[in-house]
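The values are calculated or read from the model by the stated rules, or taken from the named source; none is laboratory data. No experiment lies behind these values; they were computed from the predicted model shown. FYI the Cβ positions are ideal-geometry reconstructions off the backbone, even for glycines, and counts take in every protein chain you see.
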Amino acid sequence: MPPDEPSLRVLNDYRSLYSPQLLSGALFDAPVHIRRKFRVTSLIWYKGRNGVEHEFLVAHLTESRCLLIERCSDSDEKLSRVLLTSSPSSATPVSAEDSIRVIPSPDIGLFIIKKRADQLAKYEFQNISLFDIVRLVAIVSNNKPEYEVTGSMCYWFASTIVNVAIREWTPTASHPSSSNWKLGTLNGLPVHHHKEDQIMAIKAILHEEIAHTPDPVGPIETAFQKCGQRAQEEAERAQEGEQRAREEVRIGREEVRIGREREQRLQEQIQQMARQLQAFQRQQQAGHHTR
């Protein structure tokens, strides 16, 4: 693998923040073997416990890497003015800073602790390529490039990405959080709720881009997934057969136990009849001697 491969340099850079558009372009030009190497295994939704209760996403990848995906404002001072205005809905939008940062998987736990964030939801996947998830983030970023407190803020950004992803690539498992923190709320008050028509509109854009520039990894991975699915089905059938065999053994043991109990009761009845016969014989003999 060439050491100067741009996409590999990006995926090995743990300090820089990349725009979704830049990272998408780097991955688009990446060789197929790099696209195949990095896959998305899960997408986790987090919420900060302080300040504006910032929401962001972490995509876990193969090869011990994670992607931190988030939307911020281009200036904390501008954002503060928007948040403090008496009428946030009429405030002038500020430019959004959408970013993706590569983080080593062993470091992500400490990173989340430092951000004082709680997990809100987790979705596990089998067949999302790294390029497709980054392409989705870029599409969402381009759809609304400005940060609006009552619209396209970090809540909208995270919610839109997740809702398109789970509709486009069905999760193999989902894990809702037991945390008291709720999605799309600020200080317990609802601030954002996704709109289905917007989700479907962005999903249509994603479909159009996939049709125009399909990820070459997709069909290969789909074939692998089908093989894996067949193997899983065979394993499930084998497990069912093992369970049936265990059940048959259990039934057989139960029948043996019942048979032994019946035999024991029969022996007890025979012994009781023998004792009664002996007692009757003794009574007969005693009467004979009396006469």
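Quick look at the values:
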item: Exclusive hit being of a type in the set (A, V, I, L, M, F, W, C) and either modelled with pLDDT of 70 or more or assigned to a loop (DSSP other than H, G, I, E, B) (or both), set Ala204, Ala223; result: Ala204
item: Residue in the stretch 154-168 that is more than 24 Å from Glu97 (Cβ to Cβ), among the charged types (D, E, K, R) and part of a helix (DSSP H, G or I) present; result: yes
item: The stretch 48-61, subset out of contact with any Gly (no Cβ under 8 Å at 6 or more places or on another chain) and modelled with pLDDT under 90, residue farthest from Ile113 (Cα to Cα); result: Val52
item: Any hit, the stretch 98-119, residues being crowded, with 18+ Cβ neighbours inside 10 Å, over 29 Å from Gly25 (Cα atoms) and at pLDDT below 95; result: yes
